[in-house]
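Worksheet: the structure to be examined is printed underneath.
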Amino acid sequence: MKTVTLDQPFQFTLSETPEPSRCEPGEALVRVHRVGICGTDIHAYRGRQPYFSYPRIIGHELGVEIVEVGLNERGLKAGDRCSVEPYLNCGHCIACRHGKTNCCISLQCLGVHTDGGMRELIKVPVTKLHKSDTLGLDQLALVETLGIGSHAVDRAMLGMGEYVLVIGAGPIGLSVIQFARLAEVKLIVLDVNAQRLDFARRQFGVDYIVNAQDNPLARVMEITDGDLPTVVFDATGSGESMMGAFQYVAHGGRLVFVGLMQGDITFSDPFFHRREMTILSSRNSLPANFTRIIALMESGRVNTDPWITHRASADALPELFPKWVSPESGMLKGIVEF
Ligand SMILES: [Zn+2]
Ligand SMILES: [Zn+2]
């Protein structure tokens, strides 16, 4: 079967590999039709993804069709189209016992820690499949990306009408924005890039955009009538931005780190304490996020039209990928087709 492997940084290889053996109980064999590309894949390509080893078959945002599955409680059968929850968890650690499968102690993400879906066929646990009778394969491949925002918004427990600031209007920020809007908050987005801000306003219905190069704190103060936002999400993955994010949080407010960076975050304790600020991290997403997102897409409440900006066949990917990752490409979501 056709397989795309990231052999080493900056080098994809297209090859023929043996098809997987028949599935064991609890597994399903699925045909991969669509693979979404995100920041994690780009970091891996550039050799900057921590805890990543080569060669690796990347691909964790998958739109698939079941080829073979044993009898299962969930009624899944051959031909069903599904999204794959790529977070393989142990099932018995402290996090798993509390239902927090997204942050399992020994979490293995398909396509990151273990070989993923950039191939025609893959075996996955039946429990990780989330089916839809009506969504297209592109949409199913987008569910994982949207899960990041959906879970982050759940972490913040947004209340209707509060001012929410999202720092960073890249894919993660837009995913947060999509779900913050459903919570009916007043949404402010801050970014250094005017085009991204404009995109967020036009395509995602953001209420206020703030350019980071144009006195942003004063501007956010002005928008919120001097109160500052009660919730701030940082979706940049930049240490500088994350440390700067504290200054935007209202007294009594919450700060959610969605993007992550390799290193230390420092802050002034008196500044933090005076505000009785709550800091939260958000990692991956939960099975319930997949279920909810599929329902929201099916009902049309989450519009996936703005997301896919780039598309390639698996055969063309090794050649096209360098163009996709260049800063000028303006890629929000690239989709690879098998
Ligand atoms: Zn991703
Ligand atoms: Zn676990």
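The values are calculated or read from the model by the stated rules, or taken from the named source; none is laboratory data. Small disclaimer: the values here were computed from a predicted structure and weren't measured. Neighbour counts run over all protein chains shown; Cβ positions are idealised from the backbone, glycine included. Remember, those area values only see protein heavy atoms, side chains included, never the ligands or the DNA or RNA. Shrake-Rupley method; radii C 1.70, N 1.55, O 1.52, S 1.80 Å.
With q set to 0.12 Å⁻¹, the log10 of I(q)/I(0) for the range 51-205, from the Debye formula over equal scatterers at the Cα positions, is -0.65. Considering amide H positions built from the backbone, and no H for Pro or chain starts, which residues 5 or more places from Ile279, or on another chain, come under 5 Å of its amide H? Under 5 Å from the amide H of Ile279 lie the amide H atoms of Leu255, each far enough along the sequence or on another chain.
Spatially, the range 105-148 and the range 224-269 are offset by 30 Å when compared through their Cα centroids.
Projecting label points 7 angstrom from Cα along Cα→Cβ for Leu217 and Phe272 puts them 1.8 nm apart. Rolling a 1.4 angstrom probe over the protein heavy atoms with all chains in place gives the chain an accessible area of 45 Å² per residue.
May I ask for the net charge around Ala169, where only other residues with Cβ less than 10 Å from the Cβ of Ala169 are counted and Lys, Arg are +1 while Asp, Glu are -1?
Combined, the nearby Lys, Arg, Asp and Glu give 0.
Across every direction, the projection of the convex hull enclosing the Cα atoms of the chain has a mean area of 16.9 nm². Couplings for the range 135-145, taken from phi via the Karplus curve 6.51 cos²θ - 1.76 cosθ + 1.60 with θ = phi - 60°, read 6, x, 5, 4, 4, 4, 6, 8, 4, 5, 4 Hz in order; Gly and Pro are left as x. Below 8 Å, C-alpha to C-alpha, sequence gap of six or more: please give me the relative contact order for the chain in percent. Rounded, it is 17 percent for the chain.
Summarising the amide proton neighbourhood of Val185: residues at separation of 5 or more, or on other chains, whose placed amide H is nearer than 5 Å comprise Gly161.
Would you mind calculating the gained length between Arg311 and Ser329 on full extension (0.36 nm times residue separation, minus the Cα-Cα distance), in nm to one decimal?
5.3 nm
Using Cβ point charges alone (K and R +1, D and E -1), the dipole size of the range 1-55 about the Cα centre works out to roughly 220 debye. For the range 277-319, the spherically averaged projection of the C-alpha convex hull amounts to 6.1 nm².
For Leu88, nonlocal amide neighbours, meaning residues 5 or more places apart or on other chains whose placed amide H falls under 5 Å from its own, are Gln108, Cys109, Leu110. Distance between Cα centroids, the range 277-330 to the range 13-68: provide it in whole Å. Each part reduced to its Cα centre gives a spacing of 15 Å. Between the Cα long axis of helix 287-298 and the first principal axis of the chain there is an angle of about 90°, rounded to the nearest 10.
What's the whole-number percent of alpha carbon pairs in the range 149-281 lying beyond 19 angstrom? Percent of Cα pairs beyond 19 Å in the range 149-281: 42. Cα-based values for the range 81-151, radius of gyration first and Dmax second, are 12.8, 36 Å. Structure note, pairs Lys100/Lys323; Lys77/Lys186; Lys2/Lys333; Lys123/Lys333; Lys128/Lys186; Lys2/Lys100: Cα-Cα distances above 32 angstrom occur for Lys100/Lys323; Lys77/Lys186; Lys128/Lys186; Lys2/Lys100.
Just subtract the alpha-carbon distance of Asn303 and Asp133 from 0.36 nm times their residue separation and send over the number in nm, one decimal.
Difference between extended and current length: 59.5 nm.
Of the GluC sites (Glu not before Pro) found in the range 267-323, the ones in coil according to DSSP and having at most 16 other Cβ atoms within 10 Å of their Cβ are Glu276. The orientation-averaged shadow of the Cα convex hull for the range 39-83, equal to a quarter of the hull surface, comes to 4.6 nm². Using 0.36 nm per residue and subtracting the Cα-Cα separation, the extra length available between Glu24 and Gln8 on full extension is 2.6 nm.
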